[in-house]
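J.: I'd like to ask some things about the structure below.
Only the coordinates and a few stated rules stand behind these numbers; no lab work does. A quick note: this is a predicted structure, and the numbers were derived from the prediction, not measured. Here the Cβ positions follow ideal geometry from the backbone for every residue, glycine too, while neighbour counts run over all protein chains shown.
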Amino acid sequence: MRSWWRSTPAAEDAAPPEPTAPPPPAEPAEDERRGWFSRLRAGLAKSSARLTDGINAIFTRRRLDDVALGELEDLLIASDMGVGVAEEVVDALRKTRFGQEVSPEEVRGALATEVVRLVQPVQKPLALDVAKKPFVILVIGVNGSGKTTTIGKLARRYQDEGRRVVLAAGDTFRAAAVEQLQIWGERAGCPVITRPQGADAAGLAYDALEMARRDGADVLLIDTAGRLHNKADLMAELQKIVRVLKKLDPGAPHAVLLVLDATVGQNAHAQAEIFRQMVGVTGIVMTKLDGTAKGGVLVSLAEKYGIPIHLIGVGESAEDLRPFEAEPYARSLVGLEA
């Protein structure tokens, strides 16, 4: 399988060479890119339909005046792009096209350009550092956001690349989460570290890192709980996990991925704020873009926080979790062709 992840090659049995910067990612084949773009467009169909229908209603045979711009701003806010993004897009159109008759297609094209400008700075692949073995990825987010599924898909991808992966079922309060991770582990062919329900999650993480180091694993993926109804307890648990990991590896965790469910719309902002305060976030994975008309929330997150967006998900299969790319996302969001 051709790899599209930005990461360094798996270690060989011989002594590894001195660590170097990871090579640039291999360009996926054109048919693969088009296949992904088609899935992305289909996944964002609900979001793009909302925007397209709204823009068509506003701009069919109409000049770009203050009333039209006001209606467009309301539409963008209703599409979960946020007030700041809506104002920036409207200001850009006001400066370049005010008083002119514009078609819906021109407005959508201008909107796509603005979206690319806003989200391009956060388009950053999830890079594995071969010098850190195992590379420890702590996955956080509220229950139901797609954490466990995301971990499973990442494990599958890394295993397909020939890497040795260990999973840690750190959501010890939910038996269903442990069982789901075990299923993904079986599919990917990698071990899953578990403990009895209610066990100390930090102790499990410590044991998992010890085992991963002993067995020469390349990647350790740690699932966590996401019980926001008691934020103090959750914060204490996550901070303890980080502390015990650092006892074994002062640099761990090497990545902290926040998994956000796109269907919650602007509530994703509150989740991002809470988890940033709890344990810090190095990157975002946005899931379930295929199940919502609120796909524009990714733009407002990028504009407000500037946290790298590593991956987006538009379906159930492992192939539907892909690196975030600004231009395909923007064009799909407004219903334009590649």
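J.: Quick one: Karplus J couplings for region 265-270, per residue in order, coefficients 6.51, -1.76, 1.60, θ = phi - 60°, nearest Hz, x for Gly and Pro?
T.: x, 5, 4, 4, 5, 4
J.: Taking amide hydrogens as modeled 1.01 Å from N in the peptide plane, which residues meet the under 5 Å criterion relative to F173, leaving out close sequence neighbours?
T.: Answer set, sorted by chain and number: G198.
J.: Between E319 and S103, what is 0.36 nm times their sequence separation minus the Cα-Cα distance? Round to one decimal in nm.
T.: Net length gain for the segment: 74.2 nm.
J.: A 32 angstrom limit on the alpha carbon distance is what I want to check against. Which of K46/K304; K240/K304; K247/K304 exceed it?
T.: Beyond 32 Å: K247/K304.
J.: Something else now. So between R276 and Q182, what do we pick up on full extension, going 0.36 nm a residue minus the alpha carbon distance?
T.: Full-extension gain reported as 31.0 nm.
J.: Are any of the pairs K132/K231; K95/K294; K124/K153; K153/K231 more than 20 Å apart by Cα-Cα distance, and if so, which?
T.: Flagged as over cut-off: K132/K231; K95/K294; K153/K231.
J.: Something else now. Just from the alpha-carbon atoms, what are the Rg and Dmax of region 209-338 in angstroms?
T.: When restricted to the Cα atoms of region 209-338, Rg and Dmax are 16.5, 50 Å.
J.: Right, another one. Which values of log₁₀ I(q)/I(0), to two decimal places, follow from the Debye formula for region 66-163 at q = 0.23 Å⁻¹ with a uniform point scatterer at every Cα?
T.: -1.20
J.: Let me ask something else. Report the extension gain between R227 and E210 in nm, rounded to one decimal, defined as 0.36 nm multiplied by the number of residues separating them, less their alpha carbon distance.
T.: 3.5 nm
J.: Straight-line reach only, C-alpha to C-alpha below 17 angstrom: list the aspartates and glutamates that K288 could link to, leaving out same-chain residues fewer than 8 apart.
T.: Excluding near neighbours in sequence, the set is D80, D261, E316, E319, D320, E325.
J.: Give me the one-decimal nm value for the distance between modelled label points at A49 and D160, 7 Å along each residue's Cα-to-Cβ direction.
T.: Output for this residue pair reads 2.9 nm.
J.: Out of residues 5 or more away from R62 or on other chains, whose amide H comes under 5 Å of its own, with H placed 1.01 Å from N in the peptide plane?
T.: For R62, whose amide H was placed from the backbone, the distant partners under 5 Å are V102.
J.: Return the calculated 222 nm mean residue ellipticity for the chain, to the nearest 500 deg cm²/dmol, obtained by summing -39500 (n - 2.57) across DSSP H runs with n ≥ 4 and dividing by the residue count.
T.: Estimated from H runs of four or more residues: -15500 deg cm²/dmol.
J.: Also, quick follow-up: Provide, as a two-decimal number, the C-alpha radius of gyration of the chain over 2.2 N^0.38 Å, N being how many residues it has.
T.: Taking the Cα Rg and dividing by 2.2 N^0.38 Å, one obtains 1.06.
J.: Sticking with this one: Per residue of region 314-327, what does 6.51 cos²θ - 1.76 cosθ + 1.60 with θ = phi - 60° give for ³J(HN,Hα)? Whole Hz please, x for Gly and Pro, Karplus curve as stated.
T.: These are the phi-based 3J(HN,Hα) values: 10, x, 8, 7, 4, 6, 8, 10, 9, x, 6, 10, 4, 5 Hz.
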